[in-house]
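The values are calculated or read from the model by the stated rules, or taken from the named source; none is laboratory data. Source: prediction; values computed, not measured. All Cβ positions, even for glycine, are placed from backbone atoms using ideal geometry, and neighbour counts span all protein chains on display. Areas reflect the complete protein model, heavy atoms only, side chains present, ligands, DNA and RNA absent. Shrake-Rupley method; radii C 1.70, N 1.55, O 1.52, S 1.80 Å.
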Amino acid sequence: MLIERVKLSEFFAEVKKPEHIIGTTFSLSLAFFESVVLPHITRSKLRSCIIIADRVGYERALLEGPALKAAGQIYSVVAAPWKGAFHPKVWLSVSDEKIGLLVGSGNLTQAGFIENAEYFDCLIFDKDHPAPKHLFDSICSFVGGLTQLWLKESELRPVCLELFNKVETDLSSFQHVIHTEQNTDIRFLHSFSGNLIEQLPTSETCKRIYVAAPFFAGSSGGIDQLKQKHPEARFRIYPAIHAGRKIDLPIQQVASRPDVEEVASLVVESKKKDFKHLKLYGFESEDESWLFCTSANCTKAAWGSQNIEAGIIRKVDPDLLDLYFQGEKVKFPEHQLEYESEGQHAKIDLVASDNGTGIELSTSLPTALLPLKDVTLRLRVASDLWEIRLPTLFASTARDFIRWDAFKSWTEPRNFAVLLELCATDNHADKRAGACFIDNQVLLTSDPLHKSAVRCALDLIEGGVIPNLSNLSAIYSLATNILNGESLTKSRLSSAKKDSDDDDAVQKEEVRAIWPPVPVVHERHQGLSLSGNGQLQLCQKLIETLITPTHKRNSMKHTVVDTEYENGEDEESEAEKQRRTERDERLAKSMWRRAESDYKRLSRILYEIVPNQDNAQNIWPVAIMVFLTTMAVRRKAEELASASQQIPAAGTLVTDFRRLLFNKRNQGRNFVPPQGYRYRTEDFPPLCDDLQREFRIAIHEDLALVMLTIIADEKLRLYSQSDFQVMSQNRAGKVWKAQRTLSETEIQTCLDYWKEFIGDTNQGFSESEFTETLKRITPQEAQT
Amino acid sequence: MKETSGPFLTDNFSMRGGGIDFLGLRYVSLRMVGENLIPELNNVTRDVGTFFLGTWLPWKFERITNQQTYTEENFQQIQERMEVALGLAMHEPHEVTKDYGTTRNRVGVTQKITLPTQLTFKNAGRTKQNSLYAPAIYGPSLRALHLVKSYSVYGEKQKHLRITTACDDSGTDVIAQTVDRALKATSSYDRFIGLPPSNFTTSDIKELAEHGLDPSVFRSEEFADAWLCFQEKLLPDNPNDPGYGRTTTTRLVLCLLRQQEGLTSKQIRNSLYTGLLPTGEPVRIIDQELVTYRDYWALFMLRQYQRHPLETFLWCFEMALKDGCRSIDAILEYWLDRSPEVTLACETFGDIIKSTAGSCWSGDFKGCAEKWSKSVGGEHDDFEYVEDVKGDAAAQHCLRMLSGWFLRATTFVHQKGFETQIEMGGSDRMSIGWFYRWLDGRKQLPLRTFLKDIFSDLIFSQHIRVALSRFDGQAQRLRFLLADEGIAPTLSTKDLAKRDIPYMPDRLDTLIELLSDIQVLQIGKEGKLYLGKRADSMSQSE
């Protein structure tokens, strides 16, 4: 019988749509987390994702910091404020129906999750598999213990504290998955409930203990502690060999102990060549056997109060111990493992969060060492670096605040983590350095829908990144919510299924071509003119993100596709190219289909909306947010599959959107306005006029530039220079209320929008033609 | 995952490895080529004859069908028949066509089909993804050159159907008629374009090939009328045409060849880059428009030569990882051990620049850069590109290339008018300007620090950033990351330090080949280029 091998991704898939994920680790690679683990976590309901690492591991992980995308944005990663080793490898996943607990020996690295020989144990609870109360309580006390690390041990107040509260609150509502049976055959042990060794449920009369661990701190201290608790026990020891040449145990000394039966190398059949980083203990008594899968090495620090550790211990059949603990005689190396010393500078524990206007910074340094002087603060975002020097920091307390504009030419980070580095001299004239990620408070603490919407906007403006489809829907859902509270995501599954069914139907249905043939040059004209408070703030943030000037974000023009399949340089085979092309076409199609259906639905809402005092002020921003999003998706889809037949021309969408806001909205002859309706006929007035006339709502100038771009583009495309000049000027006049000509910056901004969202490469219009048209239609120009 | 009955081991769940361009530098080059230099072609659209056949098929289909028979199924049947036959026709040179040389990009020749049989993709084991009209092959170029109008037509109920249509201008008409006339002379023509399914034999294919189904046939002068029409599409006169860059590049090539015949395409690139012919003489261009486009080419090559040493440093990084280094410091030491010459003579990157500049050094970097640009051409011993640099001296070569690049770039970054190209890609993709400033700010740093910054910022961080940004949920692009013991290769990286140093083809060879097909250029032995018989059909105002 072989020991089971499980992909840890299955754990994350088991708890579908988790609301909370908490992971603890000693060392970590956040690039590994973002590229290998995070994709397996469904984020549609994810309210918090927190990784807590040991200080040493955290500091090492910062090497990857400037390259990361999601740290501080999608998940929060913090160093545990603990003086000993923070060593538990626990993953807790909580959805509204299930709790999953994964505990083991592997760190959050490729080695720990995949490569090494590591053991994990896993528990899943739901209403069909309720948790014994003691297990549930252990989980709660683990989360509580994490919270207390900050509340008791330091002045640091990271954003994750707020998230821990949410987790604790949600866990407290899980009474339905608890049963009261006192079955204690499985226990979740952790150092927050006391020394690990004291919590072991094993009997004093235990006759044999199996110890498999890579670290013994170079002594038999850990074994002695086990011996103290189990005085009759004899040991079988399985130390790991490090890098093929070192060991962390005085082998001769241990082997010669009278209570040691065997010192051998553990046989792990399916991971023979891999480093045995596992920590597994077996306890055998006359009447019971236990198997303990844990993060704890066999050291005093791990068994005692110095480290924080965790593990799952199970009562097992005695035969099972033979399966897990098979030794083979090897010649152990004589070299002992050496421990590296710390760096030159004393460290500063820091946490930082972005509250929108600046950085809230706190430190755990004692006040006697404050204030810090000659402070250098650096922000690293991707390849960019900002630096300021301050005479003092933390002048009065262990907390301080630095405005973003203190960093010259700071631009809000888009799709990247922000790493803060600090160098200073403390009050005792010692050099100190520290670093941490800056947590984005809004993103980390907002609800999943809002998070998704912001992620999508960021993905849309970035070259070479494809937005997640559920994130895409989040923007439209947000817009719908703002306008009328209806959620698009509600019926997403059913409608998606319906979409695919419809597609099949289309393929089966025999459709004849129009004769003589009419080539689809601008593709089909979709019937888009159907029409769609903190949320508004988010909407504004999304618009800001989308309309960030091109030159500020190096966005790639869409005429060239950042695909990898163009022949030549690539080393890919023909088959790979084919696969990629197929995938890109599929992605483009599904992305556009999703956007199109949501856009239609919102357009329908706008077409039918009767503005009132509550929603009138939201209509312009929401409409423009939706339009920009749709155009950005269109561009993305076109980048992916330029020859795709599914993507309509930009001009078609522009004209439909302009009509939606400037034309009368006819509801059909059979429409009868309900009682109390402001409108008395089936011809609803144009939204633009209605908002102005009835509610005195003028479009904000920033948004007006988007509308001017639209009007100018339509004029350029559809009419000659002289045709419909007045009509275009009138439309422009409705949105551009400023009694002045457009400034050069405003013209450039419109040009940016045009190039970014609208200008089709095959339209053949030059930038100068566009700007000329724009100038001609603005009110001031018209008067001259 | 069911709850397990005890501790379990872990299994691999990382995605397969894949991707190219691990530092994210290629995009800017691609954009430069696509926007200004050689738009709308790609590196596989290498045969005029294939363009002709791709035009003829939809043109013909519209003429052999009526309202009832103009269907997706019929189009697909005829398209597959033509494409499978095309693949067969290009398999080997035929007696009649061998005089014209072989077709350069033999689309579909890997198909497997035994004749006689019906010519379908299914029978040939092919899919539509390697069709002539596929996005990665001739599809976009056929449309961009106004030979194909659309890949779909309107059907009833506002549906659209996947039927390709040819453009309806006279040039397209002439090209399609030319092909049609040629193929009509074959005995299987009627079956070839017929709607009923039909079996084809080897001799049918041979005959079709000799009459034009082998695209090389259209290199024959008897098709000169069609060449002219193709040339008008390939090289548009209108500066507002998105494809106008092809015209200016062609004019630049002709301009250089008029000054020195027998240049290779590589020499042409370097002449455009340095402004110096292989003889060392300056390139003479009078036409202001061509001067601008020469600058575009120079900036593009500047980007190519920026990328080369950086990709080589990536190879260095991987090589050190492969040999067991697990930290940036260890990688640095590894290369200082392998290339001890790096720190022997020079202490800073600035020293390396001075050393590379040699007699061009005049006391200041700007003055030195001007001299460098005036005297160091592509054939010069000190030229800033060394082709194959893998090996012990890799780091040393890279530093020398960077120093030459820095001097060359100095002349561009201080000129006005190139801001768009210079800053294209921003910091994310290490634009020319960003990289220049990065080097400039580190000129005086000790060489060890300088190299460490390269490995840390430009290789490690940049690669991880690019790989994470381009992560698509399908393939793992990360080649290395932090592990328990330091930096380690990812499990999905099977070719650590085994890849060739990437170099993005720029379509110039494709354009040259198309121009040679229509005799504007002539390709001689060893790729040497000469003015073709029809070179004068292009404007000589240079």
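Tabulated results
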| quantity | calculated |
| --- | --- |
| Phi-based couplings in Hz for region A:277-288 (Karplus 6.51, -1.76, 1.60; Gly and Pro marked x) | 8, 5, 10, 9, 10, x, 10, 10, 10, 4, 10, 7 |
| Percent RCO, i.e. relative contact order, over region A:77-198, from Cα pairs under 8 Å lying at least 6 residues apart | 25 |
| Ordering of A:297-307, B:485-495 by burial proxy (mean other Cβ atoms within 10 Å per residue, highest first) | A:297-307, B:485-495 |
| Taking the C-alpha atoms of the protein assembly as shown, convex hull volume expressed per residue in Å³ | 214 |
| Estimated buried accessible area (total), pair A and B, 1.4 Å, Å² to nearest 100 | 9500 |
| Chain A - Rg and Dmax from Cα coordinates, angstrom | 31.5, 105 |
| Portion, in percent, of the accessible area of region B:224-323 that falls on carbon or sulfur, probe 1.4 Å | 46 |
| Kirkwood hydrodynamic radius (C-alpha pairs) into Stokes-Einstein, region B:458-542, 25 °C and 0.890 mPa s, D in µm²/s | 142 |
| Charge sum, other residues only, whose C-beta stays under 9 Å from A:Val633's C-beta, Lys/Arg counted +1 and Asp/Glu -1 | +3 |
| Sequence ranges B:382-389, B:177-184, B:37-44, A:60-67, ranked by mean other-Cβ count within 10 angstrom, highest first | A:60-67, B:37-44, B:177-184, B:382-389 |
| Exceeding the 29 Å Cα-Cα cut-off - candidates A:Lys17/A:Lys279; A:Lys69/B:Lys390; B:Lys128/B:Lys184; A:Lys69/A:Lys166; B:Lys371/B:Lys416 | A:Lys17/A:Lys279; A:Lys69/B:Lys390 |
| Packing rank of B:248-255, A:740-747, B:167-174, where each peptide gets the mean count of other beta carbons within 10 Å, highest leading | B:248-255, B:167-174, A:740-747 |
| Shape of region B:146-220, Cα gyration tensor, a/c cut at 1.5 | oblate |
| Accessible area of chain A belonging to carbon and sulfur atoms, whole % at 1.4 Å probe | 47 |
| Table column - 3J(HN,Hα) (Hz), region B:214-227, Karplus curve with 6.51, -1.76, 1.60, x for Gly and Pro | 7, x, 5, 3, 6, 7, 5, 5, 5, 9, 4, 4, 5, 4 |
| Long-range amide H partners of B:Ser150 with built H, under 5 Å | B:Thr165 |
| Across B:Lys60/B:Lys233; A:Lys89/A:Lys300; A:Lys755/B:Lys266; B:Lys498/B:Lys528; A:Lys636/A:Lys734; A:Lys431/B:Lys452, pairs whose alpha-carbon gap is larger than 26 Å | A:Lys755/B:Lys266; B:Lys498/B:Lys528; A:Lys636/A:Lys734 |
| Amide H partners (placed H, <5 Å) of B:Thr117, local residues excluded | B:Phe200 |
| DSSP-loop trypsin sites (Lys or Arg not before Pro) across region B:59-132, with at most 16 other Cβ within 10 angstrom | B:Lys112 |
| Angstrom value of the Kirkwood radius, inverse mean 1/r, which spans all Cα pairs in region B:1-90 | 18.9 |
| Chain B, relative contact order [Cα under 8 Å, separation at least 6], % | 22 |
| CD proxy at 222 nm, helix term only [per DSSP H run n ≥ 4: -39500 (n - 2.57); per residue of chain B; nearest 500] | -13500 deg cm²/dmol |
| Probe 1.4 Å, protein heavy atoms only - accessible area per residue of region A:291-398 in square angstrom | 48 |
| Over chain A: helical MRE at 222 nm, DSSP H runs n ≥ 4 each giving -39500 (n - 2.57), nearest 500 | -11000 deg cm²/dmol |
| Area accessible to solvent at B:Glu379, 1.4 Å probe radius, in Å² | 100 |
| Of A:Lys16/A:Lys133; B:Lys122/B:Lys494; A:Lys227/A:Lys315, those spanning more than 30 Å from alpha-carbon to alpha-carbon | B:Lys122/B:Lys494 |
| Set of aspartates and glutamates with alpha-carbon distance to A:Lys347 below 14 Å, sequence-local pairs under 8 removed | A:Asp54, A:Glu59, A:Glu421, A:Asp426, A:Asp430 |
